[in-house]
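The values are calculated or read from the model by the stated rules, or taken from the named source; none is laboratory data. Small disclaimer: the values here were computed from a predicted structure and weren't measured. So basically every Cβ, Gly included, is an ideal-geometry build from the backbone, and we count neighbours across all protein chains shown.
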Amino acid sequence: MFSSLALPARCQAPAQRGHQYLLNGQPISQERYQALQMLNQSIPLLQANQNQAAIDLLLQAEQMAPQIAEIHNNLGLAMAKLGKNTEALQELETAKQLKPELAATWLTLGGLYQSQGQVNEAVSTYSEFLTRFPGHKDAGKISSLVAGLKKELANGTIPRQTKQEVNKENYLGELVGHLTRWPEAKLPIKVYITPGTGVAGYQPQYNQVLEESLATWQQAAKNKISFKRVDKAADADLVCSWTSDSSSFTNRAEAGETTVFTNSQGIVKGTIKVLTVAQVAELPLTSNRLRQICLHEIGHALGFGGHTRDPQDMMFFSTRVTDVERGLSPRDITSIRLLYNSNRAGTISTDANLP
C-alpha cells in the first residue's frame, strides 16, 4: 500500500533589532517579518493535525507576503489534509513557480497527485524531484516509491486509465489476474496477532483497530468469510504483526505489507505486517490512518491482489492525505460479496450476480 508523502516548509526565522526587521542580515518590511513568523508557527499546527488553524494563519500570511513560496506550500498541504484538493493544487503550483528549488513542494505535489489516483502525474512529479534533489534525505524512499508505482502499472496491479467507463458497482473486472480467495475448507480463517510489545510506536489499542477491521470485512461479506483468533502463530492461517521498520518491506515506501500463499484451491496461508510509525511527521499515525492501513491490507489477504484507481475504495493504491474516519466503499462491499459468493467452484467470475 503506497503512502502519500508530504512535507511542510520553513523559512529562516527573521530577527528584530530595535524598529528594524532583518532576514539573513538584510532589512525586510514589517509585514514580511510577520508573515514569516506565521509561516513558522504553522509547522507545529500541521504536525498536530490542527489543519484549519494552520489555514487561517497561513491565509493571513499569504495576504501580507504573497511572494513567499513556503507559505503557499504549507497552505497547499493544510488544504490537502482537509480534502480541499483543487485549492491545494493551486497553492502548490504557485509555490513551485515562485521557488522551483523548494524540495518540499515537489514532495507535497507528488503526494497529492498520488492520493487522487493520478499515477502518471505523481510519477512525473516524483521523478522531477529526484532529478532536482538527488541528495535529499528522502530520495531513496521516493526512488523506491516511483519504482513500485511503475512496477504496479506494468503488471496491472494498478489498472491503467482507459476511456472505458469504470464499473460503478464493483472492481473485480479491474483486478482480473490478481484475484484469489480462501476455500471454504479453510474457513473460519484462524488469525494470530503477534504482540507489539517493544515495537516502537506501538500502542495497545492498535490490536482493537485490527480486530475491528477484520470484523468490518466479515460483515461486508455477509459472513461468507469469518475469522477465529488463535493463541499460537503455529496454529494460524493468517499471522498479523507490527513493525516500526519499513525497510523490512519489499517496498519501503509502503505502510503495510501482505503476503499470501496459494495452491490450486486458493489461499492457504497469509501474513500481514503493519507499520507502527508515521512515515512523515506531518501525517501522524492516527487511529483513522491505522484503520485504513489495516482494512487495506486485510483486503489483500482476502484475495484482492491488486489496487483500484478510485480514491473512495479501500483498495485504492494510496493512503489519503486527509485524516478522516473512512469505511469500506460500496464497491469494496459489493466486490467482497461477489468474490465469496455462493458459487465457490471453478474460476472466479468478474461479472457474477450477488446471491
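Numbers at a glance
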read-out	value
Contacts under 8 angstrom Cβ, first residue in region 111-130 being under 17 Å from N73 (Cβ atoms), partner charged (D, E, K, R) and part of a helix (DSSP H, G or I), 6 or more apart	Y113/E121
Residues within region 307-343 that are at pLDDT below 85, surrounded by 15 or more Cβ atoms within 10 Å (Cβ to Cβ) and farther than 18 Å from E174 by Cβ, tallied	5
The lone exception for L179 - which of (1) outside the structural domain of T259 (by TED's automatic domain parsing); (2) touching a residue at least 60 places away in the same chain (Cβ under 8 Å) it fails	(1)
Residues of region 111-128 satisfying the condition of being within 26 Å of Q67 (Cβ to Cβ), crowded, with 19+ Cβ neighbours inside 10 Å and at pLDDT 90 or above	T125
Test result for G303, under 16 Å from I336 (Cβ atoms), surrounded by 20 or more Cβ atoms within 10 Å (Cβ to Cβ) and modelled with pLDDT of 90 or more	yes
Residues that are under 25 Å from L338 (Cα atoms), in a loop (DSSP other than H, G, I, E, B) and touching a residue at least 40 places away in the same chain (Cβ under 8 Å), drawn from region 218-259	A221, K222, K224, I225, D237
Test: residue in region 161-174 that is more than 27 Å from S241 (Cβ to Cβ), of a type in the set (F, W, Y) and at pLDDT 85 or above	yes
Residue in region 142-153 that is surrounded by fewer than 17 Cβ atoms within 10 Å (Cβ to Cβ) and not small (G, A, S) present	yes
Lone unmet requirement of (1) touching a Gly at 6+ places or on another chain (Cβ under 7 Å); (2) without any contact (Cβ under 8 Å) to a residue 12 or more places away in the chain for P134	(1)
Condition check for S349: at pLDDT below 90 and either in the same structural domain as L112 (by TED's automatic domain parsing) or hydroxyl-bearing (S, T, Y) (or both)	yes
Any strands (runs of 3 or more DSSP E) falling wholly within region 6-61 and containing at least 2 residues that are touching a Phe, Trp or Tyr at 6+ places or on another chain (Cβ under 7 Å) and at pLDDT below 65	none
Qualifying positions in region 183-221 - among the hydrophobic types (A, V, I, L, M, F, W, C) and in contact with a helix residue (DSSP H, G or I) (Cβ under 7 Å, 6 or more places away or on another chain)	V191, I193, V209, L210, L214, W217, A220, A221
